[in-house]
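Q: Sharing a structure here in structure tokens format.
The values are calculated or read from the model by the stated rules, or taken from the named source; none is laboratory data. Only a predicted model underlies this, so the values are computations on that prediction, with no experimental measurement involved. Glycine gets a Cβ as well: all are built from the backbone with ideal geometry, and neighbour counts include every protein chain shown.
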Amino acid sequence: MIEILLLLILWLFVFLQILVMAGYFSGNPKVKPARSNPKVAIIIAARNEEANIEACLQSILQLNYPQELIEVWIGNDRSTDQTALLVKNFISGRTNFHLFEVEGELGSARAKGNVLAQLVQQTQSEYIFVTDADITVAPDWVKHLLPYLLQPKTGIVSGTTLVDGNNFFAKWQGIDWILGNGNLIGLDRLGLKSTAVGNNMCFTKEAYLATGGYENMTFSVTEDFQLFKAIRAMGYESVNVLARASLNISKAQGNFRNFLHQRKRWMIGAQDLPDYWLLIFGLQASFYPCLFLLLLVHTKLAIIVWVIKVILQLFYIGLIQKKLKVKWHWPTFLTYEFYSLFIHFAMIGFYLYPVKMDWKERTY
């Protein structure tokens, strides 16, 4: 009986991988290029980002979109480093760039949600793009996502973000993001809507104001999901896009501590996802424990399931890498399963460990 139950859970997980790939092959929704270039706003929450902010702003300068039609607002969220000074020096003489000092909170808005809420109030544009201070945006980021946002009844659009770095730990994180975005896209195309990517999204001001803004939402450490959920609740459509043209790049977490807190933040935020996502995450969380239990009672079957899982996973990673034209790093690609196995149990332990999540030197 136990063997049958374990096999059922494991095969359900395998079926989920096949289902996600089926969704992936349905492709992005088709849209025509925008007939005109409306004014857009780009808003960035920055807290202690002296190591990243200049590269982010430089990438915005290189957008293939008229700079005179872009207003950029950087919200300095009470940084204790040189973030504000670096921004002031960078934007000097650039009239479409603005530094906003964040003080106090709006309503129930906190942390990054509070910064974004205050920045939206400063904007004059009807179309608002959001990225993070540690991101370098793609040259066609605005140009590529905007036509999706201009479709009737569309309120929020999300692109794809990957992380990059020079060591194995960074590159393994990169594959995490490839799989995460791949799962998000595949399920989205099957109608299982989930969230937007907070460092690569855009929304209409109309849809945002219809929700009452972050100041009227329940606080969440995953503010992107809160906004996504609120906009869809108001009857607006959402689109998740997987394309090289709107691919943004983030820096990987440089140390294991920050990595664990980042993942814990995501896991806490995921608790508010629809019930079908809880089933999906439950299958993902139970795969390795069930696999090891099956190894004890039926080694051959367990190995067969594991091999099938790894083959499907590597195949899907390869599909996403090819789609996004990401350079292959074969040692990372071939060793990813061992990393994934270790991180799986590390995250279960850290999630259950009674310690508050620490993010940007704030605890939640």
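Q: Which number in (1) surrounded by 15 or more Cβ atoms within 10 Å (Cβ to Cβ); (2) under 24 Å from TYR127 (Cβ atoms); (3) in contact with an Asp or Glu (Cβ under 9 Å, 6 or more places away or on another chain) marks the one condition that ASN64 misses?
A: (1)
Q: Further, regarding this structure: For the range 1-116, which fully contained helices (runs of 4 or more DSSP H) count at least 1 residues that are farther than 29 Å from MET217 by Cβ, aromatic (Phe, Trp, Tyr) and more than 20 Å from the chain's Cα centre (by Cα)?
A: Helices (runs of 4 or more DSSP H) meeting the threshold: 2-24, 83-91.
Q: Still on this structure, please answer the following. Just to be sure I understand, how many residues within the range 140-192 are under 22 Å from LEU209 (Cβ atoms), of a type in the set (Ser, Thr, Tyr) and surrounded by 22 or more Cβ atoms within 10 Å (Cβ to Cβ)?
A: Of the residues in that region, 2 qualify.
Q: Return the residues of the range 258-280 that are free of Cβ contacts under 8 Å to residues at least 12 places away in the same chain, part of a helix (DSSP H, G or I) and not aliphatic (A, V, I, L, M); say none if nothing qualifies.
A: Correct list: ASN258, ASP275.
Q: Mind counting the residues in the range 214-239 that are closer than 30 Å to LYS322 by Cβ and either out of contact with any Gly (no Cβ under 8 Å at 6 or more places or on another chain) or surrounded by fewer than 21 Cβ atoms within 10 Å (Cβ to Cβ) (or both)?
A: 4
Q: Please go through the range 8-40 and give me each residue that is at pLDDT below 85 and of a type in the set (A, V, I, L, M, F, W, C), ordered by number.
A: Result: ALA34, single match.
Q: Take the residues of the range 292-305 that are of a type in the set (Val, Ile, Thr) and in contact (Cβ under 8 Å) with a residue 24 or more places away in the chain: which is farthest from GLU337 (Cα to Cα)?
A: Filtering first and then ranking leaves VAL297.
Q: Here is a further query. Taking ILE308, is it surrounded by 14 or more Cβ atoms within 10 Å (Cβ to Cβ), under 30 Å from PHE219 (Cα atoms), touching a residue at least 60 places away in the same chain (Cβ under 8 Å) and not basic (Lys, Arg)? Outline the logic, then answer.
A: Values: surrounded by 14 or more Cβ atoms within 10 Å (Cβ to Cβ): yes; under 30 Å from PHE219 (Cα atoms): no; touching a residue at least 60 places away in the same chain (Cβ under 8 Å): yes; not basic (Lys, Arg): yes.
Against the criterion (surrounded by 14 or more Cβ atoms within 10 Å (Cβ to Cβ), under 30 Å from PHE219 (Cα atoms), touching a residue at least 60 places away in the same chain (Cβ under 8 Å) and not basic (Lys, Arg)), ILE308 does not qualify.
Q: Show the residue pairs that are 6+ apart or on different chains and have beta-carbon atoms under 9 Å apart, the first residue being within the range 340-356 and among the charged types (D, E, K, R), the second being surrounded by 14 or more Cβ atoms within 10 Å (Cβ to Cβ).
A: LYS356/TYR364
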